[in-house]
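Bear in mind that the values in this text are calculations on the coordinates, not laboratory data. The model shown is predicted, which means the values in this text are computed figures rather than measured ones. Cβ: placed from backbone, ideal geometry, glycine included. Neighbour counts: every protein chain shown.
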Amino acid sequence: MKAKITITLKDGVLDPQGKAIERALKGLGFDGVFDVRQGKEIELKLDETDEAAARAKAEEMCRKLLANPVMENYAIEITA
Amino acid sequence: MKPAVIVFPASNCDRDIAVALEQATGKPPAMVWHGDTTLPETDFIVLPGGFSYGDYLRSGAMAAKSPIMRDVIEKAKAGTPVLGVCNGFQILCEAGLLPGALLRNAELNFVCRTVTLKVENSQSMFTSGFEKGQYVDFPVAHHDGNYFADDETLNRLEGDGRVAFRYLDNPNGSARDIAGILNDAGNVLGLMPHPERMISPLLGGLDGTAFFKGLAGAAA
């Protein structure tokens, strides 16, 4: 199965990269852009056939390494 | 004092800190590869600066899971002093030995210059070479030095005297100008500036020498 893990900064955590992107977008003439936040996406394949088992494994990976709960949230999407 | 310096792939201040420790203790520290699983006999552990694992994923994230870190965490929890400088501070946060995290610098710049710090706590073994309220100059060189923690954690750190050093002129956006913090028990210090780069008049001063001499004196 495939797991797509989206990691985003928690609300209230300063995101200078998002701010720089926002400034660049405004510089290009995109008015009305605000609250730009940059995250990351990790894709991986798992040799699991059961969706619940794959999700549990991805959860554990997020907790142990992929995300830092001090500053980040994560969302997991499992597909065949 | 029998220090051990952990060397990670892409550590780059391991030699500098070894020189500083040797200057203070009279003998070279043990250099321990991150892939080892047990530390040699040691009473002082250092996680040096650098860019372990290329700062991939998050600064310090991968190094915090290195095989040697299991023993480092165990010894830290049992009371062995641990010093983390720069990337070492990031690793200590990622390993859960210190609260909070180091985010990207607020202005996005890599900051590389000497900064002035205020010693906020001179009671710890790490700061015994200084007086409370004293100003010291250490160089910084980092991209991810913006200390972040929730307000409750910050209040607790300040209330318990666990802020060891504060920036006089905050170079990276750190919450409450924090440059270095202690753990609850006072045996773990993480700081972004580099005392090991201030150990000779040729390098700009001797505030780092005072730091390491204080350490060696407190450990003896």
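Details
- Environment charge at B:D137 (Cβ cut-off 12 Å; Lys +1, Arg +1, Asp -1, Glu -1): +1
- Table column - 3J(HN,Hα) (Hz), segment B:131-141, Karplus curve with 6.51, -1.76, 1.60, x for Gly and Pro: 9, 4, x, 5, 9, 10, 10, 10, x, 10, 7
- Rounded to the nearest whole Hz, the Karplus-based 3J(HN,Hα) values (6.51 cos²θ - 1.76 cosθ + 1.60, θ = phi - 60°) of segment B:114-129 follow the sequence 7, 10, 9, 10, 9, 6, 8, 9, 9, 7, 7, 5, 7, 10, 6, x, with x at glycine and proline.
- Solution diffusion estimate, µm²/s, Stokes-Einstein, segment B:105-173, Kirkwood Rh from C-alpha pairs, 4 °C, viscosity 1.567 mPa s: 99
- Proximity of backbone amide H atoms, modeled 1.01 Å from N, is registered between B:G180 and B:A164, B:F165 at under 5 Å, excluding neighbours fewer than 5 places apart on the same chain.
- Based on Cα contacts under 8 Å between residues 6+ apart, chain A shows a relative contact order of 53 percent.
- Summarised in one figure, the compactness ratio Rg/Rh of the protein assembly as shown, Cα atoms and Kirkwood Rh, is 1.00.
- Enclosing the Cα atoms of segment A:2-79 in their convex hull gives a volume equal to 105 cubic angstrom per residue.
- Euclidean distance of C-alpha centroids, segment B:147-220 and segment A:49-80, integer Å: 35
- Segment B:81-206 - convex hull of alpha carbons, volume per residue in Å³: 93
- Length-normalised contact order of segment B:115-220 in % [C-alpha pairs under 8 Å, at least 6 apart]: 33
- Here's how it looks for B:V7: its modeled amide H is under 5 Å from those of B:V32, B:W33, B:H34, which are all 5 or more places away or on a different chain.
- Cross-link pairs beyond the 28 Å C-alpha cut-off, checked among A:K64/B:K213; A:K2/B:K77; A:K19/B:K65; A:K10/A:K64; A:K4/B:K75: A:K64/B:K213; A:K2/B:K77; A:K19/B:K65; A:K4/B:K75
- Amide H contacts of B:D144 (H built 1.01 Å from N, in plane; Pro and chain starts excluded): B:N105 sit under 5 Å, all sequence-distant by 5 or more or on other chains.
- Couplings 3J(HN,Hα) of segment A:14-25, computed from phi: 4, 10, x, 5, x, 5, 5, 5, 4, 4, 5, 5 Hz, in residue order, whole Hz [Karplus 6.51 cos²θ - 1.76 cosθ + 1.60, θ = phi - 60°; x for Gly and Pro].
- Note on chain B: Kirkwood radius taken over Cα pairs, Stokes-Einstein applied at 4 °C and 1.567 mPa s, translational D equal to 77 µm² s⁻¹.
- Percentage relative contact order, chain B, counting C-alpha pairs under 8 Å, at least six apart: 20
- Taking a Cβ cut-off of under 13 Å around B:L189, the surrounding Lys, Arg, Asp and Glu residues balance to a net charge of -1, with basic ones at +1 and acidic ones at -1.
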